[in-house]
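> Just dropping this structure here.
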Amino acid sequence: MGYVLPRKKPGPSEKGEVRVALIEEHRRTGASPRSLARKYGVSSGTAWRWVYGKRVRPKREPDPHYPYPLPDALWQRLAPLVQGKGKGAPPRYAKRSLVEAIFLVLREGRPWGDTPPGYPPGKMVYWHYRNWVSRGVWVEVERMLVGYAPPSPRPADTSSSTS
């Protein structure tokens, strides 16, 4: 048997037409992007993006009840130093929560891997700290902190609601 030309899938041929047809079928039938990807001959990731849009990582903010929150006035001064260049993927963790976690580890003498649940993982916190130290950013942060009195930790809530 000789060479057989590949069979063309029924339906639209141009990429824009495929996109419109895939989105329309999803709206009409509620079929999953994965099954529509197989049907229209595109990758499942492409079908997912066409149906739901670009994925955006949520920024995880620190727990406001932890004893050492970074005051807004100080964060306004530190933010320009630690903000990224805006290249690549969106950041997984808010820079403010990373800085708070670094201060927490340095102030309390905790191990890097022992960050509280409201903060980024210790490995990520340590990576950012080492990166900022090697680039000289952390020296600038320390210079800004000269003369700044850190707030005392919030007292634990000892009041009981039972009588």
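The values are calculated or read from the model by the stated rules, or taken from the named source; none is laboratory data. Quantities reported herein were computed from a predicted structural model and do not represent experimental measurements. FYI the Cβ positions are ideal-geometry reconstructions off the backbone, even for glycines, and counts take in every protein chain you see. For accessibility, only protein heavy atoms count, side chains too; no ligands or nucleic acids. Shrake-Rupley method; radii C 1.70, N 1.55, O 1.52, S 1.80 Å.
> Which of (1) part of a helix (DSSP H, G or I); (2) surrounded by 12 or more Cβ atoms within 10 Å (Cβ to Cβ) does Ser134 not meet, given it meets every other one?
The failed condition is (2).
> Further question on the same structure: Specify the residue that is most open to solvent (accessible area, probe 1.4 Å); the eligible residues are those in segment 38-50 that are assigned to a helix (DSSP H, G or I) and within 17 Å of Glu14 (Cβ to Cβ).
Filtering segment 38-50 for residues that are assigned to a helix (DSSP H, G or I) and within 17 Å of Glu14 (Cβ to Cβ), the one most open to solvent (accessible area, probe 1.4 Å) comes out as Lys39.
> I've got another one for you. With the checklist (1) small (Gly, Ala, Ser); (2) part of a helix (DSSP H, G or I); (3) at positive phi in hand, flag the one item Ser97 doesn't pass.
Ser97 satisfies every listed condition except (3).
> Take the residues in segment 105-126 that are under 15 Å from Trp138 (Cα atoms) and open to solvent by less than 20 Å² (accessible area, probe 1.4 Å); name whichever of them is modelled with the highest pLDDT.
The residue in question is Val125.
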